[in-house]
Structure formats: C-alpha cells, structure tokens
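Everything on this sheet refers to the single structure shown next.
The values are calculated or read from the model by the stated rules, or taken from the named source; none is laboratory data. Fair warning: this is a prediction, and the values are worked out from it, not measured in the lab. All Cβ positions, even for glycine, are placed from backbone atoms using ideal geometry, and neighbour counts span all protein chains on display. Protein only, heavy atoms only, side chains kept; ligands, DNA and RNA dropped before computing areas. Shrake-Rupley method; radii C 1.70, N 1.55, O 1.52, S 1.80 Å.
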Amino acid sequence: MLKRLKVLDQKKRMTGKWMINIMIAAVIVLTSCVQRPTEISAAPMSVKSLYFCCDSFSIESGKRFYLGDLVVVTDYVGSYWCASELKAKYSSNHPEVITIDKNGCAKAKKPGKATITVKYKGKQEKCKVKVVKKLSCYGCSQSDLKQWEKVGKKLAKKVPFTLTVENGFAMADAVTSYVNGLRGIAQSDSYGLYGEEVLAAPSASCYQRAEYMMRRWTKKYHPCMGSMINMAVVSGTEDAITVKFQKKLSDKGLLAVYFNEILEQTQGLDVFGYPTLDMEIDKKRYEVYTFLEDVEEERYYRAVAIFEKGSKTVTIKPTAVTKYEDGLQYEITGDGLKLQSGHTYSIHCYDLWECEVTIM
C-alpha cells in the first residue's frame, strides 16, 4: 500500500512538471510578438476622444507592430494615452490580410486591404490598412528605412506599457539612443514616422507611446511645476541663484527632469537640421541648461540648473553672459562668472515656471 502511494505521488509530481512546461510554453507563445503588456497603465478617468494618428496607412507583408501605438486616447484635462497602454479591443474585417490579437499586436499576413476597428470605453474608430510587398517612404531611401527599423527595434525593447521609476530611466536612455541613431534620417517631430506611411519602419511606432508616457510623467512629477516651487524662498548671490522646492526631489522628480529635457530638445532641429540629444542618464544628479535675464540691463546669461536627488533646492549657476557694446555682441564665459549685486534677474525654466530674484 505504501509502495502504491509513492507511485501515485510520483505520478502527481510528473503531471505537475508537465503542466508547468505547458504553461511556460504558453507564455513564450504569447510574448512572441514585439512585446506583450504585462501590466496596464493608469487609465484615464473619462475619455474625451479616440482616434488614429492617420486616416490610413500601409505596411509591408510579414511585419508586426502594436496597432494601439497608432491610436490616441485623450481625456478632458489634456492628457494623452496610446491605446496599447489600455484595455482596448481590436478587430480586423479581413484577418487573412492583417490579424490582431487581444493585446493589439498586429501582423501583416499578405498583400491586400482591410479595415481595422478599435474600441475603448464606448468610443470607436476605424482605419484603412493596405498591406504591400514592399513599402517606400517619401524622403527616405531603403537604407534609411533599414536603419530606422534597426534602432526602432532596440527602442521597442525598452518602452514599457506601464511606466515606473525602475524602467523609466532605462527608457529615457533608450529614447536618447534612438533619436541620436536617426541622425541624418529623421526630421523634427517625425521620430515615429507619422502620416500615411507611418509603418515604413513598424517598430518605430512605439515612440509615440514613449512620448505620451513622458508627457504624463512630467506633468505629474516635475519638481518645477507651480505647486512644487516655493516662490517665497528664492534667493541669490553673485555666484548662484537658489530656488526651493516644497519637498525633497525624489527619483520620480529627477526622472521627470530627464523626460522634460528630452521632450524640449526633440521639438526642434539642431544647426545641421537633424535631431540630436546630448545627455547622459544619471539617477542621482542632472544639469539642465537654461538662461537668466538681467532685467535692468537687458543682459542675457546662459546658465546651468543643477538637480540632485534628495535635495530641496535647485541651484542655478551662470556659465556665460552675452553683452552688447557699440552695436556689437560678444560672449564672456568662465567658471568664475559673477552675477551683479543689486540687479534683478528673471529665471526661465522652459514653460514650466519663471520668477525674479534680486541679488543681495
């Protein structure tokens, strides 16, 4: 009897191992697309609109992408989501042309046309899709598109569906590498290939998801938002200006500083006409370049704002001053550059905040 029980127990263990192997195999199959969401990000309280970033688009046969990255969801306070972050529902009227799973991962199966439908919280939108053998893109050569797809695949591995501090710094670094990897290819505001040919490099569609995540995070956690800055405690010496926060700068706040810098720099072109990001990710300290204005003399200073995790202040030091004399403009730089005692300076931090301080 005892021997029989041992045999039964062994069979149960074997059955358990078999079931575990089946479960592991199922997970591998489910995650075989570009990337499968394991969590769902905080959803909008109410939905104002849901729409595709373009009325129609084309894609090469055999390509995979997250359809939800092309679908924008807005609320009534001006925040944006990609449908891929949310529990949206997807369908294709011609699954033999393009098929979509429950997570929004689409695969272009063969040349043809199909209509895609996306539904979320009572809102619905449709988009026409054309699957072709070979896709070209206006202004981009095939070699450019291959480079775009190459750097896009690396980015897709680091763009999550739910943003946290842990994966946020990695995403900031990946976005920086992605934008710099497109130097000479992409123009400003086209990092995700928006427009009718949005899927010329399908993996790049995740950039829009990353952008919306960065914007929402910045809006919520940036230390220079009005409610975080204590305007009553702004002081200055000839060496530096100090602005006090309501509370210590957290890792979430520092990450928001990085995100805001990325968003600001990617809104314009550098002197060569191509996007570039000059930043290294540090989880404890970051220097943001900004400017000061001498109100009395209309003199402008380039400055660096130093953000440090755990600090209750941001320190702003001048790095260069532009002077105008006899109709000529010239610049003075140096570590020992001083502000003028008794002068009032206006501090600008993008469109987040600005204030004035008189140097004592």
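Tabulated values for the structure
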| item | result |
| --- | --- |
| Low-density loop cleavage sites - trypsin sites (Lys or Arg not before Pro) in the stretch 85-180, where at most 11 other Cβ are within 10 Å (DSSP) | Lys102, Lys133, Lys134 |
| For the stretch 97-189: accessible area per residue (Å², 1.4 Å) | 51 Å² |
| Nearest-0.05 FRET efficiency for Lys150 and Thr99, computed from C-beta distance (R0 22 Å) | 0.30 |
| Listed pairs Lys87/Lys146; Lys247/Lys317; Lys102/Lys128; Lys150/Lys248; Lys63/Lys283; Lys48/Lys134 exceeding 28 Å between Cα atoms | Lys87/Lys146; Lys150/Lys248; Lys63/Lys283; Lys48/Lys134 |
| Segment Asn180-Met279, extension gain: residue separation times 0.36 nm, minus the distance between their alpha carbons | 34.6 nm |
| Inter-label distance for Lys338 and Ala42, nm, one decimal - labels placed 7 Å from Cα along Cα-to-Cβ | 4.7 nm |
| Linear extension gain, Glu264 paired with Arg64, 0.36 nm per residue minus alpha-carbon span | 69.0 nm |
| Solvent-accessible area, 1.4 Å probe, carbon plus sulfur percent, for the stretch 61-138 | 49 percent |
